[in-house]
Amino acid sequence: MLEGGCFCGAIRYEVSGTGYETCNCHCSMCRRASGAPFVAWFVVPKSEFKVVSGTFKELRSSEHGIRGFCADCGTPVTCELDTDPEVIDVTTCSLDDPEQLPSKTDVHTDTQLSWIRLSHVS
């Protein structure tokens, strides 16, 4: 069982299962929504993701995606894409122990910031 939540603790979640896809996303939407140069994500079947306390504030960040974040502290936690309705992307660093799921690849590197140096490229 993986556990995580937002910075202030208002939102807590659990993830069951194993073998998740992981990546660092360099798209401009992830950068703007997080205020960071890229965002580490892991992809979870919705049936394995459970919010145990709190409620997400949602933002439709594009015509295809909805991002879930804490309305109190602003921590970005999830992204759901209409194009893949069976899964939910979860921010790796919202895990209590993000070391459990290191990113294995980088995506949208065509739009990454010029000063980012990758140690691995997809």
- Item | Filtered residue count, the range 62-74, keeping only those that are in contact (Cβ under 8 Å) with a residue 40 or more places away in the chain and either assigned to a strand (DSSP E or B) or among the aromatic types (F, W, Y) (or both) | 1
- Among the residues of the range 8-21, is any exposed (fewer than 12 other Cβ atoms within 10 Å of the Cβ) and in contact (Cβ under 8 Å) with a residue 12 or more places away in the chain? no
- Item | Residue list for the range 9-56, restricted to those being among the aromatic types (F, W, Y), under 15 Å from P76 (Cα atoms) and in a strand (DSSP E or B) | Y13, W41, F42
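At pLDDT 95 or above, in contact with a strand residue (DSSP E or B) (Cβ under 9 Å, 6 or more places away or on another chain) and among the polar types (S, T, N, Q), is that true of T78?
Values: at pLDDT 95 or above: yes; in contact with a strand residue (DSSP E or B) (Cβ under 9 Å, 6 or more places away or on another chain): yes; among the polar types (S, T, N, Q): yes.
Yes: the conditions hold for T78.
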- Mind checking which residues of the range 75-122 are part of a loop (DSSP other than H, G, I, E, B) and within 16 Å of R12 (Cβ to Cβ)? T75, D96, D97
- Item | Verdict on F42 being touching a residue at least 60 places away in the same chain (Cβ under 8 Å) and not small (G, A, S) | no
- Task: Name, by its number, the condition in (1) outside any strand (DSSP E or B); (2) at pLDDT below 95 that does not hold for L59.
- Result: (1)
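Residues checked against (1) closer than 30 Å to M1 by Cβ; (2) at pLDDT below 90:
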| residue | (1), (2) |
| --- | --- |
| C93 | yes, no |
| E99 | yes, no |
| S103 | yes, no |
| D106 | yes, no |
| D110 | no, no |
| I116 | no, yes |
| S119 | yes, yes |
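Restricting to the range 101-113, what's the tally of residues that are buried (at least 16 other Cβ atoms within 10 Å of the Cβ) and on the phi < 0 side of the Ramachandran plot?
Result for the range 101-113: 6.
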- Here are some conditions: (1) among the hydrophobic types (A, V, I, L, M, F, W, C); (2) crowded, with 16+ Cβ neighbours inside 10 Å; (3) in contact with a strand residue (DSSP E or B) (Cβ under 7 Å, 6 or more places away or on another chain). V51 meets all but one. Which one does it not meet? (2)
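The values are calculated or read from the model by the stated rules, or taken from the named source; none is laboratory data. A quick note: this is a predicted structure, and the numbers were derived from the prediction, not measured. All Cβ positions, even for glycine, are placed from backbone atoms using ideal geometry, and neighbour counts span all protein chains on display.
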